1. Starting from the Cα of residue 449, step 7 Å along the direction of its Cβ; do the same at residue 70; then give the gap between the two resulting points in nm.
2. Rounded to the nearest 0.05, what FRET efficiency do residue 398 and residue 354 have when you use their Cβ-Cβ distance and R0 = 22 Å?
3. I'd like the distance separating the alpha-carbon centroids of the range 440-461 and the range 364-398, in whole Å.
4. Tabulate in residue order the Karplus-calculated ³J(HN,Hα) for the range 442-453, using 6.51 cos²θ - 1.76 cosθ + 1.60 with θ = phi - 60°, rounded to whole Hz; enter x for Gly and Pro.
5. Label-point separation (nm) for residue 215 and residue 176, each offset 7 Å from Cα along Cα-to-Cβ?
6. Express in whole angstrom the spacing between the alpha-carbon centres of the range 166-224 and the range 73-138.
7. Given 0.36 nm per residue, what is the gain on full extension from residue 345 to residue 384 after removing their alpha carbon distance, in nm?
8. Through the Karplus equation 6.51 cos²θ - 1.76 cosθ + 1.60, θ set to phi - 60°, convert the phi angles of the range 177-184 into ³J(HN,Hα) values in whole Hz; use x for Gly and Pro.
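Quick note: the coordinates plus some simple rules give every number you see, no bench work behind them. Owing to the predicted nature of the structure, the values given are computational and were not obtained by experimental measurement. Positions of Cβ are generated from backbone atoms using ideal geometry, with glycine treated the same way; all protein chains shown enter the neighbour counts.
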Amino acid sequence: MSQKPKVIQVIGTSSSAGKSTITMALCRYFAGLGLKVAPFKAVNMSLNSVSIEGGFEIARSQWLQAFAARTEPVKEMNPFLLKPEGDATSQVIALGKSLGKMSHEVYGRFLSEHGRIIVRQSLERLVSEYDIVVAEGAGSASEINLYNMDLSNMYVSSINSTPALLVADIERGGVFASIYGTVQLMEHPELLKWFMINNMRGSTDILESGISRMETLTGKKFIGVMPHIEFRLPGEDSLDYATERVKGVRICVIKYPQMENYSDVDALYLSGIGVRFVSGPDRDALDRCKSIILPGSKNVERDLAFLRETGLDTLILEQADLGKKILGICGGFQMLGDEITDERHLQIQSGKTTGLGLLDCSTEYAGEKIVKPVKYLIRNGHIASRAEYHGYEIHYGRTHGSERTFAEINGSAEGSISENGRIMGTNIHGIMETPELLEYLTGVESKFNYKMELERNIDLFTKAFIEHVDLRSIKSTLLSVTTPRRKGLEP
């Protein structure tokens, strides 16, 4: 490698401009050149997280980018993860470990005091071990009221004076104004080298005069228009799951206010099965579906109260009596049990709450947060599964008391099932990626392979990215004197 670190920063004119997918595509592109590539996002705010080796927790979007880069994820790829919990508070994850819940004011002060050194050290480690680091910004790069605590955008580029690419989504409207305004207001505009337009439908001819004018006004190089691409990939946060991306009637997901780990439904999208979100007493949807999923919750007490206030608890119990299959994952598993106790009031403010009583088990909260990747075997005799699969656990509390277990992890019993096998609970995230479980829940034969579908969709998007974006300038800027650490062929 050359002495100058090889880092490119992908920033946006707004949230949801496409930074995550463009970062992902760059990771796959550079990996295809035979380079050792690492994604990086200094601060991510998301309820979608994943546990990785070592018992660390990072945002799922950085996990996906590492997957695209064909490299193992490490905690330094996402040094800070903020998981909103409502009431202007967030759980703060620093270098893969939870620091507990903090108010906006407290974690803002924490980031101001400690954030820069942790971000810098994390980036330095990646730079020392990888040929290319593809860094993703957060939100808009021109939030002038947040510059004192913005560690995700141009601060990252300023560390090594590395170049930046600005992404603007044309579907959000005012694309040229947003590009020009971002350049005028952003920190370190001299480090911005390129801009591109994302998510274009139809002919790009209409943009030509505006693009030429924008290059003149900003002095930045235009490198392409990315067309609108129909692809299925995990979302970055709950906003990506505001409505069903693939709608189906076979599986209903109870969407309570404190739902988290939305990524557990990604397998339903990638497989084409789809999902129907139920956030109220929708008896018709529950009557028509084959199965019901109670997903994770960042506040089980509040979400149980929501079920009772809306009457959803009664409808779920009725569906259970009718023989409907019901799966609870993590917090949803706890809700299916008899009782949840929390003597330290970490999650349950009253110290104790009752569940739906559909599984013969109880949960007890403790101070320890369990974060670990796992290999599991499903042990529900009604599901014909003999293969071992990979998932992960991220939760407070331990559930115990069940004589009938759902799965096996390293020879130990995990989860719970009812006597008839139709009510199931587990702490394993990623469980929906099990094709035999999908067959059981939907009644439809499945040959679904989650990792293969991820690969297919990543390649689909990256192929279009390479075809429509002029990567010569980026490539020549970053790779002029870089020697690949692993061999490969350019895609």
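1. Between residue 449 and residue 70, the label points sit 1.6 nm apart.
2. Working: r = 18 Å, r/R0 = 0.81.
Efficiency at R0 = 22 Å is approximately 0.80.
3. Using only Cα atoms, the two centres lie 21 Å from each other.
4. Computed from phi, the couplings for the range 442-453 are 9, x, 10, 4, 10, 10, 5, 10, 4, 5, 5, 5 Hz.
5. Taking the simple label geometry, residue 215 and residue 176 are separated by 1.5 nm.
6. 29 Å
7. On the way: separation 39, 0.36 × 39 = 14.04 nm, distance 4.02 nm.
So the chain would gain 10.0 nm between residue 345 and residue 384.
8. So the Karplus estimates, Gly and Pro as x, are 5, 5, 5, 5, x, 5, 4, 6 Hz.
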